[in-house]
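Everything below concerns the one structure shown next.
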């Protein structure tokens, strides 16, 4: 275990160092909240992928793969479709709003009241969501390493808060890239070892016809086969639209506003699509192999829910000595990326969308200085980070899961109704600004009824039942609002028309943002961080292992080092282009 502890400590040290290195990139609120709008496609794309997954991918979703085989892939099909829509249209559109935060985009489409509702609701629910992720990660790592949960949660939360505070969006995207590199390398190795253990692709698919597995591993199952009628046609259709809902709406703005321009945002979405497709194949094959080869052994481990340990079980069984630390680092990567993105987004919204409104109400007319905004961002990050840690400790110390479930229920009951109007508002141009609240209210009716019916009457509402009725009511309210506009022949407001015009107006990066050494420096900082990570992974080859185990370690470290070398090469090209253009401008002058 000493090797695992050392690997984890060094890995977390790299993340802390990245926060300090990128602190010098932050000159104003734009830098802190969206990386100054200078993010390259590969940086934004890797951040998009990492913010879309968490440790739940390797616990809850892995348990679904263990129990039902390929059925859960409908979730990742929705993710891939969402990325494709982002590459075709949404990425460029949302980047071209020139927004700093998602709340900015919502204000442009629906006005200030909806912006403030979104901002304050996110400020309330955001830390709770992050705390749930932090709690889940601490539980996962604490179980593997045998560490006490509260100190572990505090340390992990403090690290995320530190680099998010010091480096802002730059540090968030940078750590996402490093974490994506490590996660892809180690999960690809686990997939290869699992496929090797089962006897290759042919043997893997042969197990689909084994007694006891053939019935469970159908892509679509009959109602009643699984609890909550999961993995049925109804479940698949509703979950697909529920998953894609947030990815093709105004709420997806945070994914793309950090990109350099619309073209880079589009490329980032396509890059995220490629990574998600690879991940969908790599992440869920090992739990299925656990079911094929090690089911009886897994069931004797004594864990409360053995299926949720399926991925960790086979990984620890097959990985070479010393690489469990990298596996845990991958789990850290999956969850910390969602936490730091959420924390950074909430800080940006607080400083950009809430505080200026409060200052206006209190009679302050002068805008804050850039340095003051950065200081407020730092303070807000620390406060929100402390709040996340406090909620996480509360989850640990409670005796019952009722509080935990209550927070999750509130998020699902309110979150989907709030998000549906943002989907309609993007794709239906003739929807009036005031349409948000009727649609939100209509979506909220079945959502609240399901909650009250369950609480008071003990009725059973599945996720697909609740979501289906939300969509039905939402579509009906949207049609009513659109029909009202058509019958009254209301003209589209000037503000909404300008929003759509601006959304489709390409960004001239040179004029609107301008060149900066940051455009190439990001390559070099990240190249050094990835190379250091690869060299540290290479040291694991010294751990006692058979030849095959050492070759696996070499393959992982070679992949990480290769990414670092590519980043260095890209940085040299970017710097050369930058210096050439500066020289051309000087010659013209």
For the condition modelled with pLDDT of 90 or more and surrounded by 22 or more Cβ atoms within 10 Å (Cβ to Cβ), what is the one hit in 19, 45?
45
Which one of these is surrounded by fewer than 24 Cβ atoms within 10 Å (Cβ to Cβ), part of a helix (DSSP H, G or I) and modelled with pLDDT of 85 or more: 383, 377?
383
Taking region 222-240 as the search range and keeping residues that are touching a residue at least 24 places away in the same chain (Cβ under 8 Å) and over 19 Å from residue 77 (Cα atoms), which one is surrounded by the fewest Cβ atoms within 10 Å (Cβ to Cβ)?
228
Give me the helices (runs of 4 or more DSSP H) completely within region 46-138, filtered to those with at least 1 residues that are in contact with a strand residue (DSSP E or B) (Cβ under 8 Å, 6 or more places away or on another chain) and within 20 Å of residue 260 (Cβ to Cβ), ordered by residue number.
91-95
Look at residue 321 and say whether it is within 30 Å of residue 13 (Cβ to Cβ) and in a loop (DSSP other than H, G, I, E, B).
yes
Exactly one of these conditions fails for residue 147: (1) more than 18 Å from the chain's Cα centre (by Cα); (2) over 30 Å from residue 498 (Cβ atoms); (3) assigned to a helix (DSSP H, G or I). Give me its number.
(3)
Does region 342-358 contain any residue that is surrounded by fewer than 20 Cβ atoms within 10 Å (Cβ to Cβ) and in contact (Cβ under 8 Å) with a residue 40 or more places away in the chain?
yes
Residues in region 437-447: is at least one outside any loop (DSSP other than H, G, I, E, B), modelled with pLDDT under 90 and farther than 25 Å from residue 249 by Cα?
no
Check residue 368 against each of (1) surrounded by 15 or more Cβ atoms within 10 Å (Cβ to Cβ); (2) in a helix (DSSP H, G or I) and name the one condition it does not meet.
(2)
Every pair of residues 6+ apart whose Cβ atoms lie under 8 Å, when the first sits in region 328-340 and is touching a residue at least 12 places away in the same chain (Cβ under 8 Å) and on the phi > 0 side of the Ramachandran plot while the second is surrounded by 24 or more Cβ atoms within 10 Å (Cβ to Cβ) and not in a helix (DSSP H, G or I):
none
I'd like the full set of residues that are touching a residue at least 40 places away in the same chain (Cβ under 8 Å) and surrounded by fewer than 18 Cβ atoms within 10 Å (Cβ to Cβ), limited to region 551-566.
555
Of the numbered conditions (1) at pLDDT below 90; (2) more than 30 Å from residue 224 (Cβ to Cβ); (3) surrounded by 15 or more Cβ atoms within 10 Å (Cβ to Cβ), residue 389 satisfies every one except a single condition; which is it?
(1)
In region 8-45, what count of residues is obtained for those that are in contact with a strand residue (DSSP E or B) (Cβ under 6 Å, 6 or more places away or on another chain) and in a helix (DSSP H, G or I)?
1
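Only one residue in 247, 243 is in contact (Cβ under 8 Å) with a residue 40 or more places away in the chain, within 25 Å of residue 78 (Cβ to Cβ), buried (at least 20 other Cβ atoms within 10 Å of the Cβ) and within 18 Å of the chain's Cα centre (by Cα). Which one? Outline the logic, then answer.
Details: 243 fails: buried (at least 20 other Cβ atoms within 10 Å of the Cβ).
One residue alone meets the criteria, 247.
The values are calculated or read from the model by the stated rules, or taken from the named source; none is laboratory data. Fair warning: this is a prediction, and the values are worked out from it, not measured in the lab. All Cβ positions, glycine included, derive from the backbone under ideal geometry; neighbour counts span all protein chains shown.
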